[in-house]
Amino acid sequence: MALYLYRCDEHGISERSLPMGMAERQVACPSCGSPAARVFTAPRLSLGDPARRALIDRTERTRDEPAVVSSPGPRPARRAAPVATNPALRRLPRP
Ligand SMILES: [Zn+2]
């Protein structure tokens with residue numbers, strides 16, 4: 001689905017979600033029913049799930065506007081050093 005914009009002279013911009021290529025040059029304004037002409041903009045394709053779209057928007061925003069925090073985040077838990085499972089490696093000297 002793609003999002004198409006239409007402008008009514010009285011009520012401004014309204015949006016229609018239609019299959020790609022199915023946009024008409026004119027639709028009826030949802031508020032008054034008078035003809036609203038299509039407005040051409042950069043493509044704004046629907047990415048489906050709003051939660052996913054919000055995550056993508058937030059991720060892109062942090063590129064230029066990192067979130068302000070009052071303290072550093074929690075320290076990551078320290079992991080134990082990996083233990084060799086091969087018995088031959090256990091006999092090697094340890095640092
Ligand atoms: Zn209108």
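The values are calculated or read from the model by the stated rules, or taken from the named source; none is laboratory data. Just so it is clear, the model here is predicted, and its values are computed rather than measured. Positions of Cβ are backbone-derived with ideal geometry, glycine not excepted, and every protein chain shown enters the neighbour counts. Protein only, heavy atoms only, side chains kept; ligands, DNA and RNA dropped before computing areas. Shrake-Rupley method; radii C 1.70, N 1.55, O 1.52, S 1.80 Å.
Some values worked out for this structure:
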| quantity | calculated |
| --- | --- |
| Hits in region 48-65 (condition: of a type outside the set (Ser, Thr, Tyr), assigned to a loop (DSSP other than H, G, I, E, B) and open to solvent by less than 90 Å² (accessible area, probe 1.4 Å)) | Gly48, Asp49 |
| Residue match in region 63-83 (condition: away from the ligand (no atom under 16 Å from the Cβ) and touching a strand residue (DSSP E or B) at 6+ places or on another chain (Cβ under 7 Å)) | no |
| Considering residues of region 19-29 that are in contact (Cβ under 8 Å) with a residue 12 or more places away in the chain and closer than 12 Å to Arg7 by Cα only, the residue nearest to the ligand (Cβ to nearest atom) | Cys29 |
| Residue list for region 54-84, restricted to those being over 24 Å from the mean Cα position of the chain (by Cα) and modelled with pLDDT under 80 | Arg79, Ala80, Ala81, Pro82, Val83, Ala84 |
| Any hit, region 30-44, residues being modelled with pLDDT of 90 or more, among the basic types (Lys, Arg) and either in a loop (DSSP other than H, G, I, E, B) or away from the ligand (no atom under 16 Å from the Cβ) (or both) | no |
| Selected residue (criterion: least open to solvent (accessible area, probe 1.4 Å)) from residues of region 5-29 that are outside any strand (DSSP E or B) and more than 21 Å from Ala42 (Cβ to Cβ) | Cys29 |
